[in-house]
Amino acid sequence: MLLIRKEQMEVLSAYMREQFEWRMVEHLRATFPDRTRDLPNERIRVVVRDSIRKAESYGIEYEDDIRRFIEYLVIYGLQLDTQAETQWIGDILRRNDLDGTAKMNLIDSRELEALRVQTWAG
């Protein structure tokens, strides 16, 4: 029987988290080239690391959900949960009746609806 000690799990977890951080740096560079062009990789990684902690504070745990959360941070700014223009995002993130995936799905739905309204109005 294979036994994995707690210390081994912590090392594995730290390694997986670091790999995710670097994948996010690459993803943000590819998805938002104009916003990341002048930033060194390590600066983007610090923002990603801080954003992961912020996402986790809202119960957002899965990589895909964290990726979506970070994308919204890039689009709307690091204070998207507290600034007046995006108060609706903060309201969703602070809900206790939704898990992280449901929160991100609701934000995506609201964002998509706003885009539809802009398309029809434009």
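The values are calculated or read from the model by the stated rules, or taken from the named source; none is laboratory data. What you see is a predicted model; the values in this text were computed from it and never measured. Here the Cβ is made from the backbone with ideal geometry for all residues, glycine too, and neighbour counts use every protein chain on show.
Observations, loosely collected:
- Residues of segment 58-103 that turn out to be outside any helix (DSSP H, G or I), of a type in the set (A, V, I, L, M, F, W, C) and without any contact (Cβ under 8 Å) to a residue 40 or more places away in the chain, as a count: 3
- Complete set of residues in segment 7-41 that are hydroxyl-bearing (Ser, Thr, Tyr) and modelled with pLDDT of 95 or more: Thr31, Thr36
- Taken over segment 27-43, the criterion of being under 16 Å from Tyr76 (Cα atoms), surrounded by 13 or more Cβ atoms within 10 Å (Cβ to Cβ) and either without any contact (Cβ under 8 Å) to a residue 40 or more places away in the chain or among the acidic types (Asp, Glu) (or both) is satisfied by Arg35, Thr36.
- Selection count where residues are of a type in the set (D, E, K, R) and at pLDDT below 95, scope segment 64-97: 2
- Flag for Arg49 being more than 24 Å from Leu115 (Cα to Cα) and either touching an Asp or Glu at 6+ places or on another chain (Cβ under 9 Å) or buried (at least 17 other Cβ atoms within 10 Å of the Cβ) (or both): yes
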